[in-house]
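First comes the structure, then the notes that go with it.
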Amino acid sequence: MIRAGIVDFDTSHVVAFTQRLNHVDISEEQWVDGVQVVLGCPGTSRIYPERIPEYTAQLQKYGVELVDRPEDLLGQVDAVFVESQDGSVHLERARPFLKAGLPTFVDKPFVCSLADAQEMARLAREHNAPLFSSSSLRYALEVQDVLARREEIGKIVGADAYSPASLHPRNPGLFHYGIHAVETLYALMGPGCEEVWCIFEEGAEVVVGRWQEGRIGTVRGTRTGAHSYGFTAFGEKKVVPATISTAYIYRELLKRVVEMFQTGKPPLDIAETIEIVAFIEAAKQSAENGGVKVPLAV
């Protein structure tokens, strides 16, 4: 059994992931085998500090032991979850584990700058540390169903994805919550976006991306009105609209994380994750400049 540690307790993911991996307080159909969360560092938060005491108490109830500093996990765990809501601290949090060569999952947003993304990837390469980051929406059953039906649907020539996109200055632009729609779009389209432009309003924003071969993908991030997750995939043979259920997204994400912890092989090329960071940075730049087209910086 792989022993895992969790860093930073300001997100409900620390509870949801521990429930599924440790098989506690959740139905058996949600269980994921192969990894047990044994240690955690509650940490600090500049986004939701008020959540830390509640989630700390829950993890203690589940038998997770606590340490004072992230570095205290070294030598006691086989793999690590970096869970801070604040993407701007992820490089700092992940650095000691990547340097130690530990398999590391970094929750969304991966980071909040292209420079941090490239440095994280460099550290992982230098120290041969498996590194993976993703929104759970990438592995939603509805998204994976489209990918599995590629012969029936044909090549994806375009896609529209949507999700809530609340804002926070620590995770600027789509980094905070719109990342879910961006990950959904990339799961369908794959990498290769060359430029974006963004229409931004306080209640919503729409980002248009032009991919290689002239394919077009869009992200709608909602901040007013009804909220949901979903997409429309435009295939060569069929158009598939879908509303995404969140019932199994954590289970499906954790299956991929566990596989990486076991095999040392990330399920997603880190180059695609870096492109997603560049996509969000370019969208923010476009929004701040009246919707001008901005090339991706990768």
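The values are calculated or read from the model by the stated rules, or taken from the named source; none is laboratory data. All values reported here derive from a predicted model rather than from experimental measurement. Positions of Cβ are backbone-derived with ideal geometry, glycine not excepted, and every protein chain shown enters the neighbour counts.
The number of residues in segment 264-279 that are farther than 21 Å from Leu174 by Cα and either crowded, with 21+ Cβ neighbours inside 10 Å or hydrophobic (A, V, I, L, M, F, W, C) (or both) comes to 1. Of the candidates Arg149, Arg138, Arg170, the single residue that is under 15 Å from the mean Cα position of the chain (by Cα) and modelled with pLDDT of 95 or more is Arg138. The helices (runs of 4 or more DSSP H) falling completely within segment 126-217 that include 1 or more residues that are surrounded by fewer than 17 Cβ atoms within 10 Å (Cβ to Cβ) map to 141-148, 150-153. Inside segment 98-124, residues that are more than 17 Å from Glu275 (Cα to Cα) and without any contact (Cβ under 8 Å) to a residue 40 or more places away in the chain make up a count of 7. Among the residues that make up segment 84-101, is at least one of them outside the structural domain of Pro172 (by TED's automatic domain parsing), within 21 Å of Ala121 (Cβ to Cβ), of a type in the set (Lys, Arg) and assigned to a loop (DSSP other than H, G, I, E, B)? Checked against the condition, which is being outside the structural domain of Pro172 (by TED's automatic domain parsing), within 21 Å of Ala121 (Cβ to Cβ), of a type in the set (Lys, Arg) and assigned to a loop (DSSP other than H, G, I, E, B), segment 84-101 yields no hits at all. In this structure, Glu259 does satisfy being farther than 18 Å from Tyr186 by Cα and either assigned to a helix (DSSP H, G or I) or of a type outside the set (A, V, I, L, M, F, W, C) (or both). Looking only at residues of segment 280-298 that are without any contact (Cβ under 8 Å) to a residue 40 or more places away in the chain and either part of a loop (DSSP other than H, G, I, E, B) or not assigned by TED's automatic domain parsing to the domain that holds Gly221 (or both), we find that the one that is surrounded by the most Cβ atoms within 10 Å (Cβ to Cβ) is Asn289. State whether one or more residues within segment 97-116 are in contact with a helix residue (DSSP H, G or I) (Cβ under 7 Å, 6 or more places away or on another chain), surrounded by fewer than 23 Cβ atoms within 10 Å (Cβ to Cβ) and closer than 11 Å to Val7 by Cβ. Within segment 97-116, none of the residues are in contact with a helix residue (DSSP H, G or I) (Cβ under 7 Å, 6 or more places away or on another chain), surrounded by fewer than 23 Cβ atoms within 10 Å (Cβ to Cβ) and closer than 11 Å to Val7 by Cβ. Restricting segment 64-86 to residues that are of a type outside the set (D, E, K, R) and in contact with a Ser or Thr (Cβ under 9 Å, 6 or more places away or on another chain), the residue that is surrounded by the fewest Cβ atoms within 10 Å (Cβ to Cβ) is Leu66.
Taking the conditions (1) surrounded by fewer than 17 Cβ atoms within 10 Å (Cβ to Cβ); (2) touching an Asp or Glu at 6+ places or on another chain (Cβ under 7 Å); (3) at pLDDT 95 or above in turn, Tyr248 satisfies each one other than (2). Only residues that are in a loop (DSSP other than H, G, I, E, B) and of a type outside the set (A, V, I, L, M, F, W, C) were counted across segment 37-77, and they come to 12. For segment 218-245, a tally of residues being exposed (fewer than 15 other Cβ atoms within 10 Å of the Cβ), over 16 Å from Ala181 (Cα atoms) and in contact (Cβ under 8 Å) with a residue 24 or more places away in the chain returns 3.
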